[in-house]
Structures are given as C-alpha cells and as structure tokens.
C-alpha cells in the first residue's frame, strides 16, 4: 500500500503534501513530538510520539516499507528509510536516493566537525518558492512511479 509519512515537527510543506495526497487518494500520517493541526480528512491522520530523542524517527522507520514516501530533512532518517525500500524527499524537493545519501551523510559529518571546531559555516539557505515548487514536482513524480509499481 502506498502512503506518505511526514517527519512533521519542522516540515514547511505539510499543506502541499495534503493537496498532492488528496489528488492521488494516498493516506498521509503526520508524525510529531508535539500536537500539530491536520485537516479533517479520512486520508490524513496524526501520530503523536513521545518527546524522547529520535522517537518520531524511530516510529517512521518502524512503519516504513516499500511503497512508503517519507518526507524529511533529516539525512540520517532518510538513510534508514532508503534501506527499507522507501522513497524519500526533503522539503526542498530534493530526493534522497541510495546513490546520493552517502555524499549527504559525509557532508553532514564535515559540517558538524567544522561547527565543533568553532568555524562559522552558516546553515541551509532560506526556504523559497522554488523549493516549494520542486517539492511538489518531486512528490508528484514519486507517487506516479509508485502507482506503477504498486497498482491498487
């Protein structure tokens, strides 16, 4: 079964996800450590997890399988989900793949080392309209691809 899991606590594209999911009639689970409003829809549900470290990530991994789309900016969560056969996309629309995840993890480690050493390296660029558009396109492409692999 195709479904979407959102790592939702800091996700800026929840509303866009609901719209695309409604078009394809795909269920969405919004996973968070704190209560988040979700639309009244039989396709959208909310999973509130404890505030323990990585509780949302762990729930997402435990509920991920082939046919799942995971929306997250968390590179380590993306890696865990890819290994389970999920499709993974960041809120900026860049898909994580088995080919790209190693480089993303390495870059994350280098940036963490630079920050730990006191270097000022900045953060990601501000979320833009282009990111939102790229996300919509990527999510749409993933769902089309999954519908071919997992016909209803």
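The values are calculated or read from the model by the stated rules, or taken from the named source; none is laboratory data. For clarity, every value in this text was computed on a predicted model and none was experimentally measured. As a convention, Cβ positions derive from the backbone with ideal geometry for all residues, glycine included, and neighbour counts pool all protein chains shown.
All conditions in (1) in a loop (DSSP other than H, G, I, E, B); (2) at pLDDT 95 or above; (3) within 24 Å of residue 134 (Cα to Cα) hold for residue 42, with the sole exception of (3).
The single condition among (1) in contact with a helix residue (DSSP H, G or I) (Cβ under 8 Å, 6 or more places away or on another chain); (2) over 21 Å from residue 151 (Cβ atoms); (3) part of a loop (DSSP other than H, G, I, E, B) that residue 10 does not satisfy is (1).
When residues in region 51-85 are screened for being surrounded by fewer than 22 Cβ atoms within 10 Å (Cβ to Cβ), part of a loop (DSSP other than H, G, I, E, B), touching a helix residue (DSSP H, G or I) at 6+ places or on another chain (Cβ under 9 Å) and modelled with pLDDT of 95 or more, 4 of them pass.
Residues that are modelled with pLDDT under 90 and either farther than 15 Å from residue 4 by Cβ or surrounded by 11 or more Cβ atoms within 10 Å (Cβ to Cβ) (or both) occur in region 86-98; there is at least one. Residue 137 satisfies every condition listed in (1) modelled with pLDDT of 95 or more; (2) surrounded by 17 or more Cβ atoms within 10 Å (Cβ to Cβ); (3) not in a strand (DSSP E or B) except (2). Being on the phi > 0 side of the Ramachandran plot, modelled with pLDDT under 95 and either more than 14 Å from the chain's Cα centre (by Cα) or part of a helix (DSSP H, G or I) (or both) holds for only one residue in 103, 122, and it is 122. Mind checking whether some residue in region 22-37 is closer than 20 Å to residue 136 by Cβ, out of contact with any helix residue (DSSP H, G or I) (no Cβ under 7 Å at 6 or more places or on another chain), crowded, with 19+ Cβ neighbours inside 10 Å and in contact (Cβ under 8 Å) with a residue 60 or more places away in the chain? Checked against the condition, which is being closer than 20 Å to residue 136 by Cβ, out of contact with any helix residue (DSSP H, G or I) (no Cβ under 7 Å at 6 or more places or on another chain), crowded, with 19+ Cβ neighbours inside 10 Å and in contact (Cβ under 8 Å) with a residue 60 or more places away in the chain, region 22-37 yields no hits at all.
Being closer than 16 Å to residue 143 by Cβ, surrounded by 20 or more Cβ atoms within 10 Å (Cβ to Cβ) and touching a strand residue (DSSP E or B) at 6+ places or on another chain (Cβ under 6 Å), is that true of even one residue in region 6-13? Yes. Report, ordered by the first and then the second residue, all pairs with beta carbons closer than 9 Å, sequence separation of six or more or different chains, a first member in region 70-91 that is on the phi > 0 side of the Ramachandran plot and free of Cβ contacts under 8 Å to residues at least 24 places away in the same chain, and a second member that is part of a loop (DSSP other than H, G, I, E, B) and surrounded by fewer than 24 Cβ atoms within 10 Å (Cβ to Cβ). So the pair list comes out as 85/64; 85/65; 85/66; 85/67.
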